[in-house]
1. When Rg is the radius of gyration of the Cα atoms in region 136-253 and Rh is its Kirkwood radius, what does Rg/Rh come to?
2. Give me 183, 218, 49 ranked fewest to most by other Cβ atoms within 10 Å of their Cβ, as a rough exposure proxy.
3. For region 16-252, report the % of Cα-Cα distances exceeding 29 Å.
4. Could you please rank 28, 233, placing first whichever residue has the fewest other Cβ atoms within 10 Å of its Cβ?
5. Over region 74-205, what portion of Cα pair distances is larger than 26 Å, expressed as a whole percent?
6. Have a look at 34, 66, 130 and report the one farthest towards the positive end of the charge dipole of region 16-252, computed about the Cα centre with Cβ charges (Lys/Arg +1, Asp/Glu -1).
7. What is the order of 143, 229, 189, fewest Cβ neighbours within 10 Å to most?
8. Treating the beta-carbon of each Lys and Arg as +1 and of each Asp and Glu as -1, no other charges, what is the dipole magnitude of region 111-200 about its Cα centre, to the nearest 20 debye?
Amino acid sequence: MLQRPSSDGAYDLRGAIGVQAQAVNQVCFSHVELRTTAPAEAAAFYNDVLGPGPRSIVELPSRARALGAPPHWLGTLGVAAERVDDVANALISRGAQRLGPPGAGAKMILRGPGGAIVALGAEEATAPTGVVWHHLNAAGAARASASLAAALGWSFGPVTEAAGAPAVQEFAWREGQTPVGSVADVAGRPGVHTHWMFFFGVRGLDDALARARARDAVVIGPTWHAGARVAVCDDPQGAAFGLLELDVDAMAS
């Protein structure tokens with residue numbers, strides 16, 4: 001479990017914020033990209049809700065749109081170039097499926113263990129993505145966790161349960177490191193589909209949610225997840241993302 005909220009209710013992510021630097025040369029999310037039907041409008045929305053910053057926002061590919069894919073955030077698992085094929089084969093041997101030919105930069109798109117779409121490419125984590133928590137809603141969560149541990153070397157903690165919430169299993173990129181994400185099963189949760197949910201850190205959650213609602217986002221929460229005060233949102237084009245409240249003052253002390 002990550003560090004509990006401080007006395008003022010904000011979340012202390014001093015360990016988790018360093019995830020990207022910590023994870024260099026490991027298999028971790030090195031890049032997240034929003035694929036949407038309205039890139040300019042989406043950029044204005046996220047700049048307002050999250051604050052200005054470099055973000056990868058592109059047009060939803062025509063092939064994906066033709067297949068019925070909605071706007072979505074796509075995460076890329078970055079690995080050393082010489083390991084891409086080995087990691088892809090390790091995932092495929094444990095239930096992943098390759099979707100189409102390699103894309104730009106030989107990036108592969110996979111339906112990963114548990115059913116969520118993920119990219120794999122020769123990228124290393126050289127800059128923060130803005131994502132502070134990575135949550136997988138999976139079909140067959142226990143099997144998906146075991147597959148990701150075996151294929152990627154991620155370290156999974158025990159399954160935890162709370163009244164009125166799905167069972168959750170946290171993970172770190174490597175044993176002994178700070179947890180960076182969690183896995184939960186979609187079984188028994190109507191309306192929840194298999195996908196990676198990326199949580200972006202914000203200093204004031206309530207203010208960020210007010211800005212999101214003012215721009216016609218759908219907001220669920222706030223609530224608590226893995227020790228953090230969070231909310232789940234759909235942006236105006238329908239892409240799902242999460243917000244997680246940071247204790248910035250505590251991080252700087």
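Nothing in this text is a laboratory measurement; each read-out follows from the coordinates by a stated rule. Because the structure is predicted, anything quoted here is derived from the model rather than measured. Neighbour counts run over all protein chains shown; Cβ positions are idealised from the backbone, glycine included.
1. Values: Rg = 15.3 Å, Rh = 15.5 Å.
In region 136-253, Rg relative to Rh is 0.98.
2. Numbers: 183 26, 218 13, 49 23.
Starting with the residue having the fewest Cβ neighbours, the order is 218, 49, 183.
3. Working: 6631 of 27966 pairs.
Beyond 29 Å sits 24 percent of the P(r) for region 16-252.
4. Values: 28 26, 233 20.
So the residues, fewest neighbours to most, are 233, 28.
5. Numbers: 1792 of 8646 pairs.
Roughly 21 percent, once rounded to a whole number.
6. My answer, from the dipole projection, is 66.
7. Details: 143 15, 229 20, 189 11.
Arranged by neighbour count, lowest to highest, 143, 229, 189 become 189, 143, 229.
8. Using Cβ point charges on Lys, Arg, Asp and Glu, region 111-200 gives about 200 debye.
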